[in-house]
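The block underneath contains the structure these notes are about, expressed in structure tokens.
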Amino acid sequence: MTENPHDFESRRARGNERVLENAPLAIKRFFALDHDVYEDGVLPKKTKDLLGLTASTVLRCNDCIAHHLEEATASGATREEIAEALGIALLVGGSITIPYLRFAFEFLEELA
């Protein structure tokens, strides 16, 4: 079973807090850029998080997958949109991404 969304978000927030307490300016700027890039712009936030989900799956980062699933669903992404984004990840990343697809769908169930 995957980590539940509440526990994940708490762990992520604590970890980010530790990093930012100890980080030099360059790391703090990167964190700020990461936040700003996913805000609404020409592309809506939902689309950006679906793109982030796809990239995170190809790059095989479960924490990133969980984060983008939370953000995408909060922005109104449907299960069908998420499934299509994960389909693109499988096409681009190949069969090595299958365990990450499993994680994504399990985490999505926990979000529901």
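Brief remarks follow.
- None of Glu81, Glu110 is among the charged types (D, E, K, R), touching a helix residue (DSSP H, G or I) at 6+ places or on another chain (Cβ under 8 Å) and at pLDDT below 95 except Glu110.
- Scanning region 35-59 for residues that are hydrophobic (A, V, I, L, M, F, W, C) and part of a helix (DSSP H, G or I), we see that the one that is surrounded by the most Cβ atoms within 10 Å (Cβ to Cβ) is Leu53.
- Residue list for region 1-55, restricted to those being in contact (Cβ under 8 Å) with a residue 60 or more places away in the chain and among the acidic types (Asp, Glu): Glu3, Glu9
- Condition check for Glu21: surrounded by 12 or more Cβ atoms within 10 Å (Cβ to Cβ) and charged (D, E, K, R): no
- Of the residues making up region 82-101, those that are within 19 Å of Thr47 (Cα to Cα) and surrounded by 12 or more Cβ atoms within 10 Å (Cβ to Cβ) are Ile82, Ala83, Glu84, Ala85, Leu86, Gly87, Ile88, Ala89, Leu90, Val92, Leu101.
- Contact annotation: residue pairs with Cβ atoms under 7 Å, 6 or more positions apart or on different chains, pairing a residue in region 60-81 that is crowded, with 16+ Cβ neighbours inside 10 Å with a partner that is basic (Lys, Arg), are His67/Arg12; Ala72/Lys46; Ser75/Lys45; Ser75/Lys46; Ala77/Lys46.
- Hey, Ala104 within 19 Å of Leu43 (Cα to Cα), within 14 Å of the chain's Cα centre (by Cα), among the hydrophobic types (A, V, I, L, M, F, W, C) and surrounded by 15 or more Cβ atoms within 10 Å (Cβ to Cβ) or not: no
- Taking region 1-34 as the range and being outside any helix (DSSP H, G or I) and either touching a Pro at 6+ places or on another chain (Cβ under 9 Å) or under 27 Å from Leu101 (Cα atoms) (or both) as the test, the residues that pass are Met1, Thr2, Glu3, Asn4.
- Ser10 being exposed (fewer than 14 other Cβ atoms within 10 Å of the Cβ) and of a type in the set (S, T, N, Q): yes
The values are calculated or read from the model by the stated rules, or taken from the named source; none is laboratory data. Keep in mind the model is a prediction, meaning the values are calculated, not measured. A quick note on method: Cβ atoms are made from the backbone with ideal geometry, for glycine too, and the neighbour counts reach across all protein chains shown.
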